[in-house]
1. Which of G57, W34, P113 sits farthest toward the positive end of the charge dipole of the chain, with +1 on the Cβ of Lys and Arg and -1 on the Cβ of Asp and Glu?
2. Tell me, what is the FRET efficiency for R53 and L85 to the nearest 0.05, using R0 = 35 angstrom and their Cβ-Cβ distance as r?
3. Quick check: the angle from helix 85-121's long axis to the longest principal axis of the chain, C-alpha only, nearest 10 degrees?
4. To test your reading of the geometry: what angle, between 0 and 90 degrees and rounded to tens, separates the Cα axis of helix 58-72 from the longest principal axis of the chain?
5. Magnitude of the Cβ-charge dipole of the chain, K/R +1 and D/E -1, about the Cα centre, nearest 20 debye?
6. Any chance you could run the full-extension gain for S37 through E78? It's 0.36 nm times the residue separation minus the Cα-Cα distance, nm to one decimal.
7. Provide, in order from the shortest bin, the percent of all Cα-Cα pairs of the chain in each 5 Å bin, continuing until the bin that contains the maximum pair distance.
8. Between A117, A105, A69, where does the largest GNM mean-square fluctuation fall for the chain, given springs only between Cα atoms within less than 10 Å?
Amino acid sequence: GLSVAALLLSASHVAVAGASIAALMLLYAGAIEWNVSRGRTDIDCGCMGPATRVPLGRSLVVRNLLLAATALLLLVPESPRALTLLDLAAVTASTMAMTACWLAAERMLALAPRAAAMRSTRPGSRAS
């Protein structure tokens, strides 16, 4: 975890960090899929900390696969072109937007069981 993150601080180790992060995310995705396929969805993934419980599900598998694919982008060789202020602004804005999307998706995952329970107890709702 932290040792892989520390590799990102060194320009010469970015590719190793990207491959390590991708491998870790694939390992997590495999472990989650293993449990989901066996019906063990009552396990808390621990993604949101101790305050909010997020049960295992296929959406977490997809999320970890997307994170692995994103980490593999660190294996792409960098461009010899010098970065400009516009590049910095674009990266900053993109990072902020992706972080907002990430937080919204995590919150929706955390609230999904509660929303499903509310829908099933609503008057006039059909039992599935």
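The values are calculated or read from the model by the stated rules, or taken from the named source; none is laboratory data. The shown structure was predicted, so the numbers you read here are calculated from the model rather than taken from an experiment. Counting neighbours? That spans all protein chains shown, and the Cβs are built from the backbone with ideal geometry, glycine included. Just the protein is used for accessible areas: all its heavy atoms, side chains included, with ligands, DNA and RNA removed. Shrake-Rupley method; radii C 1.70, N 1.55, O 1.52, S 1.80 Å.
1. It is P113.
2. Details: r = 43 Å, r/R0 = 1.24.
Rounded to the nearest 0.05, the efficiency is 0.20.
3. Approximately 10 degrees, to the nearest ten.
4. 0
5. On the way: 11 positive and 6 negative charges, 146 e Å.
The dipole of the chain has a size of about 700 debye.
6. Values: separation 41, 0.36 × 41 = 14.76 nm, distance 3.92 nm.
Full extension of this stretch gives 10.8 nm more.
7. Cα pair-distance distribution for the chain, in percent: 2, 9, 13, 16, 19, 14, 10, 7, 5, 3, 2, 1, 0.
8. Looking only at A117, A105, A69, the biggest GNM fluctuation is shown by A117.
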